[in-house]
Amino acid sequence: MYVLARRLAFYAVTAYVAVSVNFFLPHMMPGDPVETMIASSAGQLDQRSVAALKAQFGVGTGQSLWAQYWHYWGQLLQGNLGISISKYPSTVAQTIGSALWWTVILVGTATVISFILGTLIGALVGWRRGSMLDNILPVTTFFQAIPYFFLATVLLYLFAEKSHVFPNSDFKSYDTNNYVIGWNPGFVGSAVGHAVLPALTIVLASIAGWIVGMRNMMVTTMDEDYVLVAQAKGLPKSRVIWYAARNAVLPSISSFANALSFVVAGSLLTELVYSYQGIGSLLLNAVQSEDYPLIQGIFLIITFAVLAANLLADTVYVLLDPRTRQEA
Amino acid sequence: MRILRNRKTLAGLILLAVFVFLAVFGPTLAPYPALEIVGNPWEGPSGAHWFGTTQEGYDVWSQFLNGDRAILIISFLSGIIATVLSVVIGVAAGYFGGLADNFLSMLANIFLVLPALPFLIVINSYLPAGGKSSTALMAAIISLTGWAWGARVLRSQTLSLRKRDFVDAAGIIGERSWRIIAFEVVPNLVPVIASSFLFTTLYAMGTYVALTFVGAVDVNTPWSWGSMLFWAQGDQAAASGAWVWFAAPGVAVALLGTSLALLNFGIDEFINPRLKAAGLTRKGLRAAGLHHRQTLGLTPVLRPSAAPVAAQPAEIIEETV
């Protein structure tokens, strides 16, 4: 697949840029990040971790920038992201590893639901152009402009504080007091119960973009001659809608990349409001405790996750649109 | 102005005017500074404190009035910087093509795929304390992640413009490249540029509020609605029942975003008239005394019939667009 290979090459370049930025940024900034970290940890770091930090940021090792850069790559390829200061003595990789799956499952599920639901609604609204359904658009605009975390706060206030539909105040990924992680019904039930509100937040906040995008494409597609022909031939209405929608959905899938960046950003903040034990909460802690290795590690992991999701969307696109396959 | 006749654009403009007013006069109208203890903690809304007080005893109404200016300045400044970047990069890539295009397109695509918020948090975490409170610096940093979308759209528009006859003609009579770009290409891109400017401004607004909420910028200077949300979250305003404290800035941010999005919709419909509920809405048809179902591809157009007969309603003609 020529197209996919090209995309793969592009994602490799992007990953390379992200890693390089991660390395060079601390070196370009004024001040010494290691000194800042040692100061903010208030003597909690022992000699060995200070030495490890200095080695990671290349302070006082006397190595050239280039040598440090290669060293950084070597460490990274071994999966070594350094040690976390705030979660000392855990390494960054361990800390992220324990939080990552919560986020991947929550955000992944919510994004897929939002995309499918939004696309279906958008197709319907576009099909019934000029009807009452068009009034959905201004409403979705408002929802789109609401920051995720604000929506999260409101939902938390309404459904957890006011009416105790969902577990409240000390919102976590699951009930940590009564259950242990594993395949037992108590834990799974608790985990799902705790995920409903965050997932609802992400769906509500992100669905508007899919609705508007699909509606606009649907309106444009319906003016195409082949749809007119399908209608004129007397095909059943559902078939005609299917033909139009199948073509209209393509830009939605190809704009998945842009949308994902927003969804990820919003989801991180959503987690924060619900104290969900995922990457978002971890990132906030890292920012507040000036845990540079952890911030960097999280940035890299999120970037890789986004690239993987994009590759998936590209694959789907190639499967759906025969024109991309013909090029080869 | 044709564009003003669009209801969405008009609504967006009016909303935006309210926010501009608030940004200019808000701090003057505020009874107290944003961070001054003027009452007891957790007071409910009252005559003295319209929106109640915070956990520290600050006046929420004053915090609200003070919160608009910084957001508006940073959003629009960032929108301007990012739009200039995207015009320069997008038009250059589309017009010159070749190797420059490949490179610039790839740059734009990389910035599009990189998750912007974590990226900005990483950049901000290394800034010295003074940098985190600088309005101009924040606007510049946010625009760094905001230009790519506009550049890509402008590039593809430029690509199609470049092949038009009038651009060819300008080239043949010996105009220089920069002159063709500035006087032939860019003027034809104005609606697209405007749309991309609004989108970027909207993006910058959301991003700045998010950055403040996370605490990746200085949360107290400049004071903004993001700061209010940060403290409301940190002090558990929702759990303590002080819902105005987090609802006021949240709704304000959402409305500001809505006004920008409505303006953008108006421009989108200006560029692509098909997006409008073309011709007549069902309501409009009923008012004209017609029973008609909207059919795909067929846009009902109302025309006065040639010979006006009293009892006969206007004739309806179906046209394919």
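Throughout, read-outs are computed from the coordinates displayed, never taken from laboratory work. A quick note: this is a predicted structure, and the numbers were derived from the prediction, not measured. Cβ sites come from the backbone with ideal geometry, for glycine too, and all protein chains shown count toward neighbours.
For this structure, a couple of remarks:
- With a simple spin-label model that places each label point 7 Å from the Cα along the Cα-to-Cβ direction, the separation between A:Val13 and B:Arg7 comes to 4.7 nm.
- Estimated vicinal HN-Hα couplings, Hz - the stretch B:120-132 in sequence order (Karplus 6.51, -1.76, 1.60; Gly, Pro = x): 5, 5, 4, 4, 5, 5, 8, 6, x, 3, x, x, 5
- Virtual spin-label span in nm between B:Lys163 and A:Ile113, 7 Å along Cα→Cβ: 4.5
- Exposure proxy order (Cβ contacts within 10 Å, fewest to most) of B:Asp59, B:Asp165, B:Asp235, A:Asp314: B:Asp165, B:Asp235, A:Asp314, B:Asp59
- Dipole magnitude for the stretch A:207-328: computed about the Cα centre from +1 point charges on Lys and Arg Cβ and -1 point charges on Asp and Glu Cβ, it is near 640 debye.
- Estimated vicinal HN-Hα couplings, Hz - the stretch B:141-157 in sequence order (Karplus 6.51, -1.76, 1.60; Gly, Pro = x): 5, 5, 5, 4, 9, x, 7, 5, 4, x, 4, 5, 5, 5, 4, 5, 5
- Sparse-neighbourhood loop sites, GluC sites (Glu not before Pro) in the stretch B:1-58 - DSSP loop, at most 16 other Cβ within 10 angstrom: B:Glu36, B:Glu56
- The fewest-to-most ranking of A:Leu197, B:Leu159 by surrounding Cβ atoms within 10 Å reads B:Leu159, A:Leu197.
- Summing +1 for each Lys or Arg and -1 for each Asp or Glu among the other residues whose beta-carbon sits under 12 angstrom from that of B:Ser224 gives -1.
- Average beta-carbon neighbours from other chains, 10 Å sphere, peptide A:136-147: 6
- Fewest neighbouring Cβ atoms within 10 Å first, the residues A:Trp127, B:Trp50, A:Trp101 line up as A:Trp101, B:Trp50, A:Trp127.
- If the chain linking A:Lys233 and A:Leu312 were pulled fully straight, counting 0.36 nm for each residue of separation and taking away their Cα-Cα distance, it would gain 24.8 nm.
- For A:Thr91, the amide hydrogen comes within under 5 Å of the amide hydrogens of A:Ser84, counting only partners 5 or more places away or on other chains and with H modelled in the peptide plane.
- Measuring nothing but how far apart in sequence close Cα pairs (under 8 Å, 6+ apart) lie, relative to its length, the stretch B:69-222 scores a relative contact order of 42 percent.
- Across peptide A:149-157, the mean count of Cβ atoms from other chains lying within 10 Å of each residue's own Cβ comes to 6.
- Database remark: amide H of B:Gly215 closer than 5 angstrom to no amide H (H placed geometrically; neighbours at sequence offset of 5 or more, or on other chains; Pro and chain starts carry no H).
- Three-way shape call for the stretch B:168-278 based on the alpha-carbon gyration tensor, with the a/c threshold at 1.5: oblate
- In order along the stretch B:67-74, the phi-based Karplus estimate (6.51 cos²θ - 1.76 cosθ + 1.60, θ = phi - 60°) of 3J(HN,Hα) comes to x, 7, 4, 4, 4, 5, 4, 5 Hz; Gly and Pro are listed as x.
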